[in-house]
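Working notes for the structure below.
The values are calculated or read from the model by the stated rules, or taken from the named source; none is laboratory data. Just so we're clear, the structure is a prediction, and the values are computed from it rather than from any experiment. Cβ placement follows ideal geometry from the backbone for every residue including glycine, while neighbour counts extend to all protein chains displayed.
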Amino acid sequence: MKKRRLLSFISALTLSLTSLSFAPAYAVAEEKAAASASSTSDNKFDAEKFYVVVGTYENKYTQLKYVYPKSNTEYTGDKVVWENAPADLSYGDVLVSDGNEKKTLVYSAPDNPVYAMASYYKLDDSAVLNKVGNCADLMDSKELTVTSAMYDGSGHWSIHLNDADGQEYYYGYNFYASTLGVDLGSSKTGDKYQFAFNDGKLVVPLSKKNDAEASASENDKTQSKSYWIFYKDIDTKEIDETVAEKVHDYTYSLYEQGLGGTEVEKKVADYSQEIRLGLLKEAYKEASAKIVKELGIEGTEVFCSNYTATIVCKLTDEQYAKAQKSENIEQITMFNDFTLEPQTELTDKNSIIEFFTTDSEGKPLLGDDVKIDAVLNSGKNKDTDYLIIYGLSDKKEISPIVKKLNTDSRFSWGTPIDIFSGGIFYTTTTKLPVKNNVQLILFVNDTLPGFTGYDIARYSEEVGFDARPYIISRGDTNGDCSIDAVDASNILSAYAKLQTSNDYSLTADEIKKMDVDGNDKVDAVDASLVLSYYTDIATGGSSMLKDFVEEHYFTFG
């Protein structure tokens with residue numbers, strides 16, 4: 001008997017900026033005097049820690065940045081979401097509190113390995129925030145010029161800037177589920193932004209200068225190009241063994257404490273995720289460092305993903321040639337800012353399928369044998385469009401298909417840490433001609449979706465659409481997405497006709513559905529297995545037919 005291996009979901013951890021959710025309590029402080037239009041240091045805002053309105057989070061919640069000192073010369077910030085914010089707040093508004101507010105860390109995308117680091121904090125409902133004015137009124141401002149804007153493939157932008165005197169500044173943020181009032185993600189070298197400064201420390205961008213592109217120097221145009229580098233993935237065998245050993249010891253210690261099964265299961269899952277992520281981070285750090293050294297890449301404009309075999313960096317022609325010859329690198333593609341400004345959005349199924357499965361010249365990226373569909377306006381909030389690829393016979397087919405889709409530089413699908421049927425791939429592209437979030441799902445026939453093997457009903461609830469038509473194949477003779485006595489009867493009827501009529505035959509697709517035991521023929525054994533499975537399901541079973549047969553009868557070859 002084979003037992004299904006259970007894999008823990010990857011919990012998202014913090015990457016640079018985090019986010020907070022705030023209470024409805026709100027008060028407006030006394031009106032401040034209007035600020036002068038100059039950029040001198042006359043303005044002085046004395047609060048050590050404060051919040052700034054920077055945009056909206058998903059569900060149109062107000063997003064703030066919690067600003068506090070990192071050093072005497074620099075601020076750091078946390079991503080903040082205020083679910084019940086008053087409607088009269090504007091970009092750059094500054095709010096303060098008494099400093100006693102309670103905060104709870106929330107993971108934004110617990111099932112999303114690509115954005116595994118995205119997170120935010122939630123502020124307790126009892127918190128009170130007082131509006132004291134706007135950055136434009138309370139603080140100094142300074143014009144900064146972008147020297148580099150790099151995306152790390154997992155939601156984080158790192159922007160390097162200089163002022164007129166050559167002083168260097170850094171501005172980083174995670175854009176996951178965010179719509180920012182001033183977004184530097186699409187900026188190019190030479191673009192100019194006006195930034196708010198308080199006590200000499202950078203706070204937030206205030207606006208983009210309209211003439212920034214026109215003033216870009218010729219040197220900017222001839223600098224090295226940026227690339228995605230996809231290197232050979234790490235071998236996780238030792239990591240898996242280490243995690244299993246630590247989890248075993250930890251589980252034993254929990255039972256020694258007298259904890260119940262449910263509590264132990266939850267603690268073990270969290271512990272397993274934490275240990276695995278830590279080991280993966282170290283492994284990818286070591287692997288990416290070898291690639292960087294091999295190519296002779298230097299400087300700060302190198303971004304190595306902590307959880308995927310991906311590097312984003314600039315390469316000279318010599319380095320690019322070396323990367324193409326490297327046995328450790330599987331693929332190199334141009335890194336673009338992905339700024340698309342289409343005349344119209346893609347709103348129908350066929351146009352979305354065409355956009356994501358063809359190259360920029362309209363040629364198909366996948367073969368005719370690959371089954372493709374799309375489900376629009378789905379997900380828990382009806383704000384997700386799913387591109388669905390199904391009919392795969394093995395999960396080993398998933399990665400090659402995703403790589404084919406990634407050959408188009410208009411967008412890229414990030415690779416999760418673990419590959420499995422029903423797993424979700426998230427596009428690393430910041431701007432696409434669609435109004436909803438777009439996610440890619442690939443299904444393997446007769447394989448339960450998810451890390452832990454969700455039953456199909458639970459999985460369908462998670463994604464917001466009926467997944468059965470994309471999963472169930474073997475045994476479902478009439479295409480009603482269920483396996484029951486009718487299917488057994490259909491198999492017996494077909495078997496009888498095959499035995500008594502020389503003119504009767506089955507198509508390859510019909511044989512695939514009826515040949516339950518996988519011996520390339522249809523007979524009474526197949527019908528018997530379907531009836532046994534149907535009985536098991538009717539009495540509380542939830543496995544797939546293929547798994548049921550392997551568990552109770554035999555293993556497929």
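Taken residue by residue, region 456-475 has no member that is farther than 29 Å from Ser378 by Cβ and out of contact with any Lys or Arg (no Cβ under 7 Å at 6 or more places or on another chain). Of the residues that make up region 192-199, is at least one under 26 Å from Lys314 (Cα atoms), modelled with pLDDT of 90 or more and more than 23 Å from the chain's Cα centre (by Cα)? Checked region 192-199: at least one residue is under 26 Å from Lys314 (Cα atoms), modelled with pLDDT of 90 or more and more than 23 Å from the chain's Cα centre (by Cα). When Asp191, Asp140 are checked against the criterion of being touching a residue at least 60 places away in the same chain (Cβ under 8 Å) and not polar (S, T, N, Q), a single residue qualifies: Asp140. Put simply, of Tyr534, Tyr504 the only residue that is in the same structural domain as Asp487 (by TED's automatic domain parsing), buried (at least 18 other Cβ atoms within 10 Å of the Cβ) and of a type in the set (Ser, Thr, Tyr) is Tyr534. Restricting attention to region 332-382, the residues that are within 28 Å of Phe230 (Cβ to Cβ), in contact with a Lys or Arg (Cβ under 7 Å, 6 or more places away or on another chain) and at pLDDT 85 or above add up to 3. Set side by side, the residues Leu202, Leu144, Leu129 differ, and just one is crowded, with 20+ Cβ neighbours inside 10 Å, in contact with a strand residue (DSSP E or B) (Cβ under 9 Å, 6 or more places away or on another chain), modelled with pLDDT of 90 or more and more than 21 Å from Glu48 (Cβ to Cβ), which is Leu144.
Annotation note: of Glu318, Glu298, Glu274, the sole residue that is surrounded by fewer than 19 Cβ atoms within 10 Å (Cβ to Cβ) and under 22 Å from the mean Cα position of the chain (by Cα) is Glu274.
Which residue is surrounded by the fewest Cβ atoms within 10 Å (Cβ to Cβ), if the candidates are limited to region 395-439 and must be among the hydrophobic types (A, V, I, L, M, F, W, C), modelled with pLDDT of 75 or more and closer than 15 Å to Thr308 by Cβ?
Ile419
Based on what the data block shows, is Leu95 more than 28 Å from the chain's Cα centre (by Cα) and buried (at least 23 other Cβ atoms within 10 Å of the Cβ)? The answer is yes for Leu95. Restricting attention to region 252-263, the residues that are at pLDDT 80 or above and part of a helix (DSSP H, G or I) total 5.
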